[in-house]
1. If only one of 133, 166, 180, 129 is at pLDDT 95 or above, within 30 Å of residue 275 (Cα to Cα) and in contact with a Lys or Arg (Cβ under 8 Å, 6 or more places away or on another chain), which one is it?
2. Of all residues in segment 125-135, count the ones that are within 21 Å of the chain's Cα centre (by Cα) and open to solvent by 30 Å² or more (accessible area, probe 1.4 Å).
3. Does segment 116-141 hold any residues that are in contact with a strand residue (DSSP E or B) (Cβ under 9 Å, 6 or more places away or on another chain) and of a type in the set (S, T, N, Q), and which are they?
4. When you go through (1) open to solvent by 60 Å² or more (accessible area, probe 1.4 Å); (2) small (Gly, Ala, Ser); (3) under 23 Å from the mean Cα position of the chain (by Cα) one by one for residue 272, which number turns out not to apply?
5. Quick one: would you say residue 229 is touching a residue at least 12 places away in the same chain (Cβ under 8 Å) and basic (Lys, Arg)?
6. Restricting the first residue to segment 142-156 and requiring it to be touching a residue at least 12 places away in the same chain (Cβ under 8 Å), which pairs with a second residue that is open to solvent by 60 Å² or more (accessible area, probe 1.4 Å) meet a Cβ separation below 6 Å and a spacing of at least six or different chains?
7. Select from segment 309-356 the residues that are within 29 Å of residue 275 (Cα to Cα) and aromatic (Phe, Trp, Tyr) and write down the one among them that is modelled with the lowest pLDDT.
Amino acid sequence: MLALDSYVTLGRSGLRVSPLTLGTMTFGEDWGWGADPETSHQLLSTYLDAGGNAIDTANIYTNGHSERIVGDFLAARPGLRDRLVLGTKFFGNLHLGDPNGGGAGRKALIEQCEQSLRRLRTEYLDLLWLHNWDRGTPIEETLRALDDLVRDGKVRYLGFSDVPAWVASEAQTIAHFRGWSPVVALQLEYSLLERTVEGALIPMAQAHGMGVMPWSPLKNGHLSGKYRRDGAVPEDAKRAAMISGTSEAEWAVIDELNAVADELGAAPAAVAIAWVVSRPGVASTLLGARTPEQLRVNLTALDVTLDNAQRARLDAVSAPELDFPAQYNEHAAILQFAGATVDGVAHPANPPLADNLARY
Ligand SMILES: NC(=O)c1ccc[n+]([C@@H]2O[C@H](COP(=O)([O-])OP(=O)(O)OC[C@H]3O[C@@H](n4cnc5c(N)ncnc54)[C@H](OP(=O)(O)O)[C@@H]3O)[C@@H](O)[C@H]2O)c1
């Protein structure tokens, strides 16, 4: 059984993080669906008391309020900050109308980092994330400015979030050959209802030493078990508006998830998170919760063990349509190694090579 103090190293780095990281996008009420500061502090205490060590925020979350809430919590607990892995993100513009207020240019990102440090009331960040791809800034500029922040002692490790696979792999290759700080982690949307990252991003992350940190493992609560086919939605489901028009294919995933959860006597949310935690390439999964009770349920994901049959059922019902050439190449690989066993996988669908030779 996993526990929050069964730490994993994040990507190709020596940074140890819990298998579940506490997300703080629900901290603050400016976006209409979050928790007040007091409840947010209870969420932090619940997670830390359970043994967790990693906190994720962003400059843009509730327009800076999420970072302030975390900063106030840390300031009231001297000695705690250094024991935590504290990460935030830059990119989102908090200065309406200023074109350099956000994005990933040198001027913009250094200033955003300084502002985050002030709101978080800390001298350094353990992880600084590029929140989104800035297609208007050369990636070398972003990397070099980030490397300066690392050399200045303001940042320990770097991560990328929501960038195309080719951008992250180009960046990592440049950083490697220039001796700049590498990208050690990748944040991606990943859940039973969003698996397209399996095509290019996750294999890229594995090849380049980036630990995957999945976000929205419950797809905004869609996989929590509280959304039902009859359309009834609990009154306090604040993010219900973000979930509209559930397709038949999505209901099939939710039905199978609920069935597996019933068999295990576990909460659907816990099973959905357990499935993400156990996927290849995943280092630490981001939890979203608005109440301490939701968080306690989500933390039970580490108690869930899926057997092979249950895993196969969830895998099959949620199987994604991947972009070319992911699916094509699975088929092409079978042809290429016709009849052979490669990496322990036999391809019985094809005739042995000798048969082919006899035929032509
Ligand atoms: N890098 C990025 O671009 C990015 C994007 C998004 C998120 N993130 C990070 O990932 C973290 C997690 O993402 P997320 O908040 O979208 O996660 P999520 O788990 O998919 O959704 C969380 C929401 O689901 C509902 N919920 C959670 N646990 C529940 C439970 N046990 N029972 C019933 N409902 C439950 C709550 O909504 P209700 O209020 O409706 O109950 C909660 O706000 C964020 O905090 C943030 O740190 C990163």
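1. Just a single option satisfies the conditions, and that option is 129.
2. Qualifying residue count, segment 125-135: 3.
3. Matches in segment 116-141: 116, 122, 132.
4. (1)
5. Here the answer is yes, as residue 229 does meet what is asked.
6. Listed pairs, sorted by first residue: 145/106.
7. Checked segment 309-356; the qualifying residue modelled with the lowest pLDDT is 328.
Conditions (1) on the phi < 0 side of the Ramachandran plot; (2) within 16 Å of the chain's Cα centre (by Cα), marked per residue:
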| site | (1), (2) |
| --- | --- |
| 29 | yes, no |
| 79 | no, no |
| 88 | yes, yes |
| 93 | yes, no |
| 102 | yes, no |
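The values are calculated or read from the model by the stated rules, or taken from the named source; none is laboratory data. It should be emphasised that the depicted structure is a prediction, and the values quoted were computed from it without experimental measurement. Neighbour counts run over all protein chains shown; Cβ positions are idealised from the backbone, glycine included. For the accessible areas, the whole protein counts, side chains as well, though only heavy atoms, and no ligand, DNA or RNA atoms are used. Shrake-Rupley method; radii C 1.70, N 1.55, O 1.52, S 1.80 Å.
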